[in-house]
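Here's the structure, in structure tokens; my notes come after.
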Amino acid sequence: MITRLRPDPRHAWDGDLAASATSELEIRRSRFISHLARCADEGQARGFVEAVRERYPDARHHCSAYVVAVAGAHDVEHSSDDGEPAGTAGRPMLDVLKAADLGCVCVVVVRYFGGVLLGTGGLVRAYTDATREVLTGLPVVRSRARQLLEVEAEHGDAGVLEHGLQQLGLAPLTREYTGRLTRFTVAAADADELGARMSELSAGRAAVHLLGPIEVEEPAGTL
């Protein structure tokens with residue numbers, strides 16, 4: 001079962017910074033501008049970092065961190081201090097993402113130097129706070145592994161079957177009407193339980209076919 005949180009799809013990186021979550025902090029005259037977006041892979045994350053860099057070409061630092069998925073392997077984690085003292089920016093930003101259990105996400109913190117040195121401890125706190133600030137109130141979804149099933153039933157049974165799905169907290173993903181039959185797909189954690197329930201409600205007339213695993217996203221509130 002996949003449980004890691006992800007930013008809501010509305011924050012998915014598609015080349016437009018307007019979709020990214022943003023925040024800004026001023027700390028001892030330095031400006032810290034944060035951008036965060038959902039990124040499906042490392043290529044998207046790198047593209048997002050470059051887009052933020054192009055948006056603020058006169059800033060001294062464009063520090064970044066991301067956690068992205070790789071099919072069949074562990075997540076890729078990466079951070080960059082971009083000229084700040086080693087370990088004072090990118091790594092603290094990455095630690096915030098990991099503490100929030102976030103995946104498929106990239107954050108970039110742009111710093112306009114205000115003339116006051118913060119010291120290593122001050123920089124760690126500043127980049128940590130800037131990342132936490134952009135996460136505050138961020139809508140997130142939870143990714144889970146489910147089984148995709150197709151339910152085939154007569155039109156007369158379709159209504160009672162869908163009501164049964166609602167009682168299980170499920171809803172059809174697709175519907176198709178062919179002749180006297182209704183077909184719909186549903187993602188469920190327990191294929192056997194769903195099959196038994198559909199058979200019971202239709203007096204054995206419904207047929208349930210296992211199509212294979214699927215990943216679904218469920219709203220998980222905000223950070």
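Within region 122-149, if we keep just the residues that are in contact with an Asp or Glu (Cβ under 9 Å, 6 or more places away or on another chain) and closer than 17 Å to residue 193 by Cβ, the residue that is surrounded by the most Cβ atoms within 10 Å (Cβ to Cβ) turns out to be 146.
Look at region 75-93: where a residue is in a helix (DSSP H, G or I) and a partner is among the charged types (D, E, K, R), sitting 6+ places away or on another chain with Cβ atoms under 6 Å, you get 90/81. Evaluation of residue 45 against the conditions (1) within 28 Å of residue 143 (Cα to Cα); (2) out of contact with any strand residue (DSSP E or B) (no Cβ under 7 Å at 6 or more places or on another chain) shows that the sole unmet condition is (2).
Residue-by-condition table, conditions (1) part of a strand (DSSP E or B); (2) out of contact with any Phe, Trp or Tyr (no Cβ under 9 Å at 6 or more places or on another chain); (3) outside the structural domain of residue 217 (by TED's automatic domain parsing); (4) hydrophobic (A, V, I, L, M, F, W, C):
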position: 18; (1), (2), (3), (4): no, yes, yes, yes
position: 32; (1), (2), (3), (4): yes, no, yes, yes
position: 35; (1), (2), (3), (4): yes, no, yes, no
position: 44; (1), (2), (3), (4): no, no, yes, no
position: 57; (1), (2), (3), (4): no, yes, yes, no
position: 66; (1), (2), (3), (4): yes, no, yes, no
position: 71; (1), (2), (3), (4): no, yes, yes, yes
position: 96; (1), (2), (3), (4): no, no, yes, yes
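Is there a residue being crowded, with 20+ Cβ neighbours inside 10 Å, of a type in the set (Ser, Thr, Tyr) and closer than 24 Å to residue 217 by Cβ anywhere in region 62-73? So far as region 62-73 goes, yes, one or more of its residues are crowded, with 20+ Cβ neighbours inside 10 Å, of a type in the set (Ser, Thr, Tyr) and closer than 24 Å to residue 217 by Cβ. Beta carbons closer than 8 Å, at least 6 apart along the sequence or on distinct chains, never pair a first residue in region 108-135 that is not assigned by TED's automatic domain parsing to the domain that holds residue 54 with a second that is of a type in the set (Ser, Thr, Tyr) and not in a strand (DSSP E or B).
The set of residues in region 110-145 that are on the phi > 0 side of the Ramachandran plot and at pLDDT below 95 contains only 115.
The values are calculated or read from the model by the stated rules, or taken from the named source; none is laboratory data. As the structure is a computational prediction, the values presented were derived from the model and not from experiment. All Cβ positions, glycine included, derive from the backbone under ideal geometry; neighbour counts span all protein chains shown.
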